[in-house]
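In what follows, a single structure is set out as structure tokens and then discussed.
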Amino acid sequence: MSAAPSHPSRRDEARGLWLGLLGVLIFALTFPMTRLAVGPQDAPQLPPFFVTAARAAGAGLLSAAWLLWQRASRPRRDEWLPLAVSALGTVLGFPLFIALALRQVPAMHAAVVTGVLPLATAALAAVRLRQRPSTGFWLCAVGGCALVLAFAWQAGGGGLVLADLWLLLAVLSAATGYVSGAQLSARRPAEQVIGWVLACSLPLTVPAALLAWPEAPARAASWGALGYLTVFSMWLGFFAWYRALVLGGMVRVSQVQLVQPFLALLMAVPVLGEPLEAVTLGYALAVLALVLIGKRLPVRAVSPR
């Protein structure tokens, strides 16, 4: 990512916060739009594999055009592996597991379970970067996982369902992709990182989208939701988010992401007509509290021997 100013002006800070909120709003609509695209089990629409490949292929084509317009330098040899890991996590793993899960569970269910993603990303980053988080951080991470499992258990009527496994794999995939992409962002602008991640995936995503092209007709609303996932969730949302981090400062703007699960809960009401229950809201608040506490606890670097 481009180096952010150490002391952004008030104007840039305000612009960064507004852009950050826009990016979070775009991402929050991802769950309702994915549910709308794939449809429930009793009224399936677009196949989850097709939605995953098609949204990535469309965003990859947009990214390739943008990289050419920007005359961005090609990735170096040592950057290909992190690009591949980031692509596997954010382009393939997260969208696919989310699409599979949302064929079986409501968007609100997915929003609560994946609310632990910031803690999972921080924990994985600490392991990859050889950092030593405090005991309190690990307690928050374990507590957050326990909360989402308890919620999934209750929502599943006293048991976990296959969709909960997909959601947990989605969290692990996204955290892995984010950490790998963040390491690359120290070498080149973050917008170029996500652009190359998507563009380099085209040899896989385009044929996959064509092979998985749906045979049964789907509603126009499902195709429209796929269009949103392609242009906004997979592409423009990242540009807004990364630009916000540069303008407003990473520490301040990143806190805006804490409201994303609640925006996803609220968006599921008008988009899908899902009822917002007090129990769901309570679990989301509890997860938010643990994430907020965990992000404020110290993480120390391990001194090399």
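The values are calculated or read from the model by the stated rules, or taken from the named source; none is laboratory data. Predicted model, so just to flag it, every value in this text is computed and none were measured. Cβ sites come from the backbone with ideal geometry, for glycine too, and all protein chains shown count toward neighbours. These area figures cover heavy atoms from the full protein model, side chains too; ligands, DNA and RNA do not enter into them. Shrake-Rupley method; radii C 1.70, N 1.55, O 1.52, S 1.80 Å.
Before moving on, here are some points about what is shown:
- Taking segment 59-82 as the range and being open to solvent by less than 20 Å² (accessible area, probe 1.4 Å) and under 25 Å from M33 (Cβ atoms) as the test, the residues that pass are A59, G60, S63.
- Yes/no for A186 being among the aliphatic types (A, V, I, L, M) and either touching a Ser or Thr at 6+ places or on another chain (Cβ under 9 Å) or more than 26 Å from L68 (Cα to Cα) (or both): no
- Cβ pairs under 6 Å, 6+ apart, first in segment 159-171 and open to solvent by 20 Å² or more (accessible area, probe 1.4 Å), second part of a helix (DSSP H, G or I) and among the aliphatic types (A, V, I, L, M): L160/A152; W166/L100; W166/A101
- Here R55 meets each of (1) basic (K, R); (2) in contact with a Pro (Cβ under 8 Å, 6 or more places away or on another chain); (3) farther than 21 Å from Y242 by Cβ with one exception, condition (3).
- Restricted to segment 216-246, and to residues there that are modelled with pLDDT of 95 or more and open to solvent by less than 30 Å² (accessible area, probe 1.4 Å), the residue that is nearest to the chain's Cα centre (by Cα) is L229.
- Qualifying position, being in contact (Cβ under 8 Å) with a residue 12 or more places away in the chain and under 23 Å from A175 (Cβ atoms), among F27, F50: F27
- So A72, is it in a loop (DSSP other than H, G, I, E, B) and touching a residue at least 40 places away in the same chain (Cβ under 8 Å): yes
- Answer from G158, G177, G144 - the residue that is of a type outside the set (A, V, I, L, M, F, W, C) and either at positive phi or not in a helix (DSSP H, G or I) (or both): G158
- Filtering segment 128-154 to residues that are modelled with pLDDT under 80 and closer than 28 Å to H109 by Cβ leaves F137, A141.
- Scanning segment 36-45 finds no residues that are of a type outside the set (S, T, N, Q), in contact (Cβ under 8 Å) with a residue 24 or more places away in the chain, touching a strand residue (DSSP E or B) at 6+ places or on another chain (Cβ under 6 Å) and not in a helix (DSSP H, G or I).
- Subset tally (residues that are at pLDDT 90 or above and in a helix (DSSP H, G or I)) for segment 268-286: 5
- Only one of A43, A37, A28 that is open to solvent by less than 20 Å² (accessible area, probe 1.4 Å), within 22 Å of A268 (Cβ to Cβ) and modelled with pLDDT under 95: A28
- Failed item in (1) in a helix (DSSP H, G or I); (2) surrounded by 17 or more Cβ atoms within 10 Å (Cβ to Cβ); (3) out of contact with any Lys or Arg (no Cβ under 6 Å at 6 or more places or on another chain), with V127 passing the rest: (2)
- Scanning segment 193-209 turns up at least one residue that is closer than 25 Å to V38 by Cβ, touching a residue at least 40 places away in the same chain (Cβ under 8 Å), open to solvent by less than 30 Å² (accessible area, probe 1.4 Å) and not in a helix (DSSP H, G or I).
- When we screen V91, V85 for residues that are surrounded by 24 or more Cβ atoms within 10 Å (Cβ to Cβ), within 20 Å of the chain's Cα centre (by Cα), part of a helix (DSSP H, G or I) and not hydroxyl-bearing (S, T, Y), the only hit is V91.
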